[in-house]
Amino acid sequence: MKVATTPAELGPGRRAVALGTFDGVHLGHRRVLEIARATGLTSTVVTFDPHPRTALGNRVELLTTRERRLELLAEAGVEEALVLTFDLDFAQTTPEEFAESYLRAIGAEVVAAGAGFRFGHRRAGDLALLESLGFDVRTVPVVEGVSSSAIRALVKAGEVDRAAALLGRPVEVEGVVVSGDARGGTLGFPTANLRVEGDLIVPAYGIYAGAALETRAAISIGVNPHYGGVEQRVEAFLLDYEGDLYGRRVVVELWRRLREERSFESEAELVAQIARDVEETRATERPFYAAKP
């Protein structure tokens, strides 16, 4: 997928634009992408970074990094992405200016977006306006119950299986592997300690079954209460994996929450529980509704 940050980088062409923020690239977003792809024109996503609400001073716990969002869009079959920098200056753009300077400028003929999509200064623009400006607008009905906010609420509650049903794929947590306490190795379960970007959502604390780098993983999210920890950690023990992961970006899938994190009477009891978590992870299946194509 070609990624551009200005209309000029894309050059001339006949395009069907999927318009939106696409945080999470969930089932509702995928409907918009499918409509754009079905036209036979060059399918192009026009999206924003950072999230518009953050640029306006609101905190948003994102489901995906920019990098992961683009990967998911590419996996969905999109040919191009125009990522527009959303800052306070961009927020002053009128709906008409946006339509001409960005959509018309890249040769957009068809524009697909969710029914409630708004754009431009003070969110004054809507799909009816684009239609009045001569674009072939395809309004995509909202998928009932599917929204980024609903998914965020489920993730925060640790209900990753229910969130996966709305995403159409497993919930993920992503980060770069950094040095940790190296305590897992001494216990016989060496973990990859992930540094997660501050604006990414982190699921409810607990122990999860999932996968990373195409191997099953038991994942601990929390503060390591057995050792009196206070700093949030995301640590993954990759079953049957050998190799140095330091400095590597890793995307971890969370399939099911196994239990809450807690303290134990002894380190031996902790090790025994981790062993049970590992066996339960081996037995856990990837959510069928999140099956890879």
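The values are calculated or read from the model by the stated rules, or taken from the named source; none is laboratory data. Everything quoted here is computed from the prediction, not taken from an experiment. Virtual Cβ from ideal backbone geometry, glycine too; neighbours counted across all protein chains shown. Ligands, DNA and RNA are excluded from the accessible area calculation, which covers all protein heavy atoms including side chains. Shrake-Rupley method; radii C 1.70, N 1.55, O 1.52, S 1.80 Å.
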Subject >> Cβ crowding within 10 Å averaged over residues, with 152-161, 204-213 ranked highest first >> reply: 204-213, 152-161
Original post:
Any idea what the alpha-carbon Rg over 2.2 N^0.38 Å comes to for the range 140-219?
Top reply: 1.29
**OP:** Please work out whether the range 71-220 counts as rounded, prolate or oblate from its C-alpha gyration tensor, where a ≥ b ≥ c are the square roots of the eigenvalues and a/c under 1.5 means rounded, while otherwise a/b larger than b/c means prolate and anything else oblate?
**Re:** prolate
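May I ask you to give the solvent-accessible area per residue for the chain, in square angstrom, as obtained with a 1.4 angstrom probe? Kindly include the intermediate steps, with their values, before the conclusion.
On the way: 13940 Å² over 293 residues.
Heavy-atom accessible area per residue stands at 48 Å².
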Original post:
In deg cm²/dmol and to the nearest 500, what is the mean residue ellipticity at 222 nm of the chain if only DSSP H runs of at least 4 residues count, each as -39500 (n - 2.57), divided by the residue total?
Top reply: -7000 deg cm²/dmol
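If you count, for each residue, the other Cβ atoms within 10 Å and average over each peptide, how do 276-287, 228-239 line up from highest to lowest? List each step's numbers first, then the result.
Numbers: 276-287: 15.4, 228-239: 17.1.
Sorting 276-287, 228-239 by mean packing, highest first, produces 228-239, 276-287.
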Subject >> Mean Cα-pair separation over length for the chain, i.e. relative contact order, pairs under 8 Å, 6 or more apart, % >> reply: 17
**OP:** Starting from the Cα gyration tensor of the chain, multiply each eigenvalue by 5, take the square root, and state the resulting semi-axes largest first in whole Å.
**Re:** 41, 18, 17
**OP:** Take the chain, connect every pair of alpha-carbon atoms lying under 10 Å apart with a spring to form a Gaussian network, then pick out the residue of ARG53, ARG31, ARG15 with the largest mean-square fluctuation.
**Re:** ARG53
**OP:** Assign one of three labels to the range 37-150, namely rounded, prolate or oblate, based on the Cα gyration tensor with a ≥ b ≥ c the square roots of its eigenvalues; rounded applies when a/c is under 1.5, prolate when it is not and a/b is larger than b/c, and oblate otherwise.
**Re:** rounded
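If you roll a 1.4 Å probe over the chain with all protein chains in place, what percent of the accessible area is carbon or sulfur? Mind showing how you got there, number by number?
On the way: 6870 of 13940 Å².
C and S atoms contribute 49 percent here.
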**OP:** With a/c under 1.5 counting as rounded, go ahead and sort the range 236-293 into rounded, prolate or oblate using the C-alpha gyration tensor (a ≥ b ≥ c being the square roots of the eigenvalues; past the cut-off, prolate if a/b is larger than b/c, else oblate).
**Re:** oblate
